[in-house]
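Shown next, in structure tokens, is the structure this report addresses.
The values are calculated or read from the model by the stated rules, or taken from the named source; none is laboratory data. The structure displayed is predicted, hence computed values, not measured ones. With ideal geometry, Cβ positions are generated from the backbone for all residues, glycine too; neighbour counts draw on all protein chains shown.
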Amino acid sequence: MKASIQQLPTEVIINIFDQINDAKQLIQCILVCKSWAFLAEKSMYKSVHLYLWDNSRLERLNYRLKQKPECCQLIEKIHITEQYYNTFSKALFREFLQLAMTPRIQTLDGVWNQKYIVSLLDHIENSPFSFEKLKQLPYSVRHDSIYMQLMSHFKGSLQTGFCTITEKTSQIHQRIISDSFMEFKHLKTLSIQDSRGFKNVQEMDTFLKKCDRITNLEFIISQSSEYIGMDKDELNQWLINSNVQQAGNVKNLRIAYMRGPDSKCRTFGPDWINYLAFKCPNVDTLSIKNITLKYSHMALSVFENVKTFSLTDWKFYCTQDIQHFIDRVKSDNNSIVIRYTKTTAVDQSEICVMSAKKERNSNMTRFAIEISAEIYKNTAIVLLCFKNLSYICDI
């Protein structure tokens with residue numbers, strides 16, 4: 001007897017629909033089988049993503065939600081991207097919050113500008129609901145009194161926190177922000193954007209002193225031009241003399257380096273790497289994005305005990321650097337996936353953009369390579385660097 005998808009359990013069908021990210025495809029599912037209508041709508045409205053929307057599109061969504069108020073109860077996540085400068089009208093956005101923000105909401109994601117944050121705070125403080133399931137607030141480039149007031153409403157539910165330290169953030173304000181995170185009972189993930197804020201590792205350690213419950217730590221770094229680094233001996237001496245307390249609960253560490261308006265990676269003091277390796281001795285998974293190539297050997301050696309590490313979006317302009325990268329992360333078993341792109345992810349002057357994920361237990365390194373479709377010949381150049389390795393390749 002042939003199996004029919006209609007005979008699958010409801011939970012399985014919902015899981016299938018959750019894998020479909022295209023609203024048009026979900027609508028097609030509704031047309032195929034009427035009994036799928038509610039299940040498809042449940043997946044469609046579970047996560048609302050406002051990406052490059054204008055007022056008319058948000059107005060249409062608000063209209064649909066008013067016509068079918070039961071759909072409002074399905075929304076668990078609101079994600080806003082690429083709307084920082086192209087903002088919605090104040091009245092329209094507030095209407096959207098009134099419709100979409102129900103007690104079922106769990107995640108507010110993306111970078112929200114100050115107007116959205118103010119509207120969100122106003123809605124939270126005037127809503128009859130308590131939003132006890134909300135685990136994550138949106139990211140704000142301004143960690144000011146308004147954002148901290150917004151956070152204060154969710155001390156019992158937030159699991160993910162964001163903050164930005166800039167050159168205008170005084171050390172007193174840094175301590176206020178750090179202390180505030182300790183008031184959240186279930187906070188497990190902390191993302192810190194250092195936008196030319198920290199001047200040395202001592203300031204960073206002061207900020208992290210009370211973050212002993214964090215299990216997932218992320219640093220997004222654009223280092224201050226006034227940063228004062230230490231060499232290895234100075235750092236080791238400071239770690240001993242200052243009795244630096246380790247954050248033993250951190251299992252996942254992610255480090256990313258921001259690019260400036262000239263598209264170049266910002267520089268950073270290598271003492272950051274050694275400090276974080278000491279501060280977080282029990283890291284299982286390490287992810288490093290856009291690190292300067294000459295520091296890669298340091299990162300891999302000081303975190304030599306991690307079970308899994310990934311190096312993401314490293315740009316290469318010469319074969320010598322590619323070879324050094326491969327030699328540092330290769331395993332006995334290797335796999336290569338090559339993709340060709342026409343997007344700006346690969347610049348014409350680059351040979352490729354490469355990422356690598358290494359799992360020590362399986363002795364396997366997985367390489368992911370992006371090459372410009374307009375410079376197809378770079379494929380041969382890249383593969384030549386793997387000539388002495390055992391690998392399987394998917395092009």
Give me a count of the residues in the range 88-103 that are part of a loop (DSSP other than H, G, I, E, B) and crowded, with 17+ Cβ neighbours inside 10 Å. 3
Taking the range 131-155, which residues are surrounded by fewer than 18 Cβ atoms within 10 Å (Cβ to Cβ), among the hydrophobic types (A, V, I, L, M, F, W, C) and not in a loop (DSSP other than H, G, I, E, B)? ILE146, MET148
Does VAL382 satisfy the criteria of being in contact with a strand residue (DSSP E or B) (Cβ under 9 Å, 6 or more places away or on another chain), modelled with pLDDT under 90, outside any strand (DSSP E or B) and β-branched (Val, Ile, Thr)? no
Residue list for the range 360-377, filter: surrounded by fewer than 14 Cβ atoms within 10 Å (Cβ to Cβ) and under 14 Å from THR308 (Cα atoms): ASN361, SER362, ASN363
Could you run through the range 184-209 and say how many residues are within 16 Å of LEU239 (Cβ to Cβ) and part of a loop (DSSP other than H, G, I, E, B)? 2
In this structure, is SER191 crowded, with 17+ Cβ neighbours inside 10 Å, touching a Leu at 6+ places or on another chain (Cβ under 9 Å), touching a residue at least 24 places away in the same chain (Cβ under 8 Å) and small (Gly, Ala, Ser)? yes
Any residue in the range 136-151 that is more than 30 Å from ALA256 (Cβ to Cβ), in contact (Cβ under 8 Å) with a residue 12 or more places away in the chain and in contact with an Asp or Glu (Cβ under 7 Å, 6 or more places away or on another chain)? no
Residue list for the range 308-359, restricted to those being modelled with pLDDT of 85 or more, surrounded by fewer than 16 Cβ atoms within 10 Å (Cβ to Cβ) and either in a loop (DSSP other than H, G, I, E, B) or among the basic types (Lys, Arg) (or both): TYR317, CYS318, ASP332, ARG339
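Residues are listed down the side, and each one gets a yes or a no for (1) in contact with a Ser or Thr (Cβ under 8 Å, 6 or more places away or on another chain); (2) in contact (Cβ under 8 Å) with a residue 40 or more places away in the chain:
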residue: VAL306; (1), (2): yes, yes
residue: ILE336; (1), (2): no, yes
residue: LYS358; (1), (2): yes, yes
residue: ASN388; (1), (2): no, no
